[in-house]
1. Give me the one-decimal Kirkwood hydrodynamic radius in Å for the stretch 352-522, with the sum taken over alpha-carbon pairs.
2. Report the label-to-label distance for residue 142 and residue 75 in nanometres (one decimal), using points 7 Å from each Cα along the Cα→Cβ vector.
3. Rounded to two decimals, what is Rg over Rh for the stretch 426-540 when you use alpha-carbon atoms and the Kirkwood radius?
4. Full-extension gain between residue 501 and residue 112, please, as 0.36 nm times their residue separation minus the C-alpha to C-alpha distance.
5. Using alpha carbon centroids, what distance separates the stretch 217-251 and the stretch 469-531, in Å?
6. May I ask you to compute the full-extension gain from residue 563 to residue 417, defined as 0.36 nm times their residue separation minus their alpha-carbon distance, rounded to one decimal in nm?
7. In nm, to one decimal, how far is the modelled label at residue 190 from the one at residue 357, with both set 7 Å along Cα→Cβ?
8. Hey, any idea what Rg/Rh is for the stretch 414-487, computing Rh the Kirkwood way over Cα pairs?
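Here, each number is a calculation from the coordinates, and none is a lab measurement. Keep in mind that what you see is a predicted model, and the values were worked out from it rather than measured. Quick reminder, even Gly has a Cβ in these numbers, built from the backbone with ideal geometry, and neighbours come from all protein chains shown.
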Amino acid sequence: MAPLPLDPIEPLRRRLQWGLLFRVSLVSVFLGLLAFVYFESGDLGYAVPVSQLLLTIAATYGVTILSAVLLLRLRQLESFAYFQVTLDVVLTTWVIFVTGGADSPFGVLYSLVVVNAAMLLSTPGAVMAASASSIAYAALVTALNLGLIARPDYPFRPAPADLHFAIRFVITNVTFYVIAFLATLLVRRLHQTEQLLQRSEAERDQFASMQEALARHLGSALFTVDTEGRITSLNNLAEELISAAAAEIVGKDIGALFPPLRQTPAGRRQFLQSSAGVLPTEFEYENHAQRQVAVRCSTILLQDTYKHDIGALYIVQDITAFRQLERQLEEQGEVAPTDSSIDDDSENSADGLIGTSPAMGRVREFIDKAARSDATLLITGESGTGKELVARAVHARSARHDKAFVPVNCGAIPENLIESELFGHVRGAFTGAVADRAGLFRVADRGTIFLDEIGDLPLALQVKLLRVLQERTFTPVGADKHVSVDVRVIAATNRDLVEAVRRKGFREDLYYRVNVLPLELPPLRERRQDIPRLVRHFLRLCSALQGKAVDRLSVAAARRLQAYDFPGNVRELENIVEHAVALCEGETIHEEHLPEYVLRAEAKGGEEVLAATTSASVIPPLDPPAAIDNLEDNLAAYERAILLRALAEAGGVKKRAAELLGINYRSFRHRLQKYRLGGVSEQAEDS
């Protein structure tokens with residue numbers, strides 16, 4: 001946010017007001033001293049009669065009062081400020097004249113005038129006041145010594161013009177400039193602090209106005225509570241939702257208004273210490289007007305600048321009308337029923353895994369147990385089942401959660417670079433090694449490394465990985481010293497490692513070393529009850545990314561998805577939803593918005609379950625080229641067409657397409673790069 005513009009006039013006006021008040025105070029003190037001396041001795045011993053002194057003091061009061069009146073109306077205050085400083089110098093010179101000249105004890109008033117000028121006008125004012133004070137003081141002392149202004153009855157004898165007088169005279173004048181310099185430095189700091197304070201106050205007021213406007217027009221009821229759950233503030237919509245005035249609600253426990261939010265003190269403390277920022281839930285309650293209301297509530301933890309818990313913000317939306325409309329549409333059979341208890345956001349915030357099926361329940365149970373151990377974890381399952389999500393969930397709940405999580409796709413790294421990527425190298429170890437490289441194992445030190453597609457590791461590198469798992473040491477390429485690391489290893493693969501061991505494609509000793517804590521993720525077709533939750537989650541994501549408001553499926557479209565077998569699992573479902581959202585122009589996805597292969601698979605009664613086998617026969621044969629011009633060009637065109645057909649049949653999942661063609665993933669990626677077909681991001685290929 002840009003800093004708010006500040007009015008330079010008002011600060012100067014305030015400082016002038018204080019300056020005038022200070023002058024009145026000094027004159028009043030001088031008047032009091034005058035009266036005290038006069039009534040005590042009856043003889044002032046001053047250079048002028050008492051009547052003239054009183055007249056001078058009265059004139060000073062009058063000029064100051066007139067200045068205060070003009071100050072409220074003037075806009076050009078800088079000249080006015082210079083006039084006030086000059087007046088203070090003249091007044092101080094007059095006081096010194098009547099109280100002893102060079103021997104007057106009131107010479108310190110010049111210093112106050114200089115400081116006041118610095119406060120009003122910064123460096124120019126301080127220099128001007130110091131110069132004016134020096135000139136006035138020098139002129140007064142010189143005139144007194146030469147007898148130019150002293151009357152015959154002047155009670156004070158001129159100071160002798162000796163060396164002592166000269167030194168004192170010089171020091172006094174130099175002091176004016178020293179005070180001006182020091183006062184300028186101090187005032188500059190004070191002005192900077194004042195400006196920062198004014199900006200902060202202006203920004204605070206602006207933010208307060210914005211927050212008030214946002215709270216009034218947000219469309220949701222807002223409640224803030226302290227660390228004990230007592231309501232501290234609420235907006236107008238909150239009053240309407242509760243059907244009570246704010247004065248009746250502030251200070252009450254949030255659980256007294258919404259029983260589902262009632263928590264024990266221990267439970268509340270656990271919430272405030274939770275790292276989860278938003279915990280949405282839906283429930284019904286009866287408000288003060290005895291009306292049953294359905295609401296959706298999100299709770300956000302509030303912390304101060306020092307990350308100390310100060311309370312929470314409850315965002316409550318009235319969804320009663322939405323639920324009534326939803327029930328009407330369900331009764332008419334136009335929209336697929338949705339379960340209001342589905343809360344994919346809260347599940348996603350917890351571990352990223354969406355679903356409440358028994359299979360997912362067992363996965364979460366395993367994650368909780370595996371997170372308490374540092375044992376090597378092997379996650380298996382079909383492509384797209386969420387193996388990396390499980391690995392991240394284990395890391396997030398483990399004692400290493402505050403350290404690095406390093407994912408490595410072993411199948412995506414060229415074979416000649418895998419060892420360097422994992423274990424690093426020293427400068428000059430091979431051609432192109434122009435600098436030392438730490439390697440991913442050292443990057444993951446004290447954290448977790450996730451070896452995705454470990455079944456694609458070359459046999460030569462499997463030996464080195466085995467040593468790392470056994471001894472937690474390795475030797476970078478080209479180095480002669482061992483490196484020790486403290487790393488938790490989580491491996492994943494969609495291959496059958498037992499079969500790979502039997503075919504000598506995977507080392508048996510490495511298999512037993514990584515298979516300490518095995519977990520097989522269920523394919524989506526074995527947890528179909530989670531499909532509605534996943535669809536709802538992907539609808540929100542894809543709608544937000546594409547700037548649309550698609551939030552539901554027609555009954556027919558929902559049946560199509562429920563009957564489909566999803567060979568690409570959750571990733572394929574996400575691709576299908578993204579495809580449907582892109583084609584959908586309204587708020588509801590219908591059958592015609594689904595990909596053609598989903599409709600074909602269901603239309604044939606499940607006989608054409610896409611990619612149900614691993615043979616290349618799933619890819620239909622292509623027609624030969626119409627004319628034979630160039631063998632290389634024709635072969636390239638034919639190979640490119642086969643790759644495109646395989647990607648289409650696999651729903652865009654590259655690993656599945658490679659399996660359909662009967663080639664390994666690395667070879668498939670090489671061909672995609674050769675024909676510039678790598679449109680899917682590497683991140684989409686995670687397990």
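1. Working: mean 1/r = 0.0604 Å⁻¹.
Kirkwood hydrodynamic radius for the stretch 352-522: 16.6 Å.
2. 4.3 nm
3. Values: Rg = 18.5 Å, Rh = 16.9 Å.
Here Rg/Rh amounts to 1.09.
4. Result for the pair: 130.7 nm of gain on full extension.
5. Comparing the Cα centres of the stretch 217-251 and the stretch 469-531, I get a distance of 53 Å.
6. Values: separation 146, 0.36 × 146 = 52.56 nm, distance 4.33 nm.
Using 0.36 nm per residue and subtracting the Cα-Cα distance, I get 48.2 nm.
7. Reported label-point gap for residue 190 and residue 357 is 7.4 nm.
8. Values: Rg = 11.8 Å, Rh = 12.6 Å.
In the stretch 414-487, Rg relative to Rh is 0.94.
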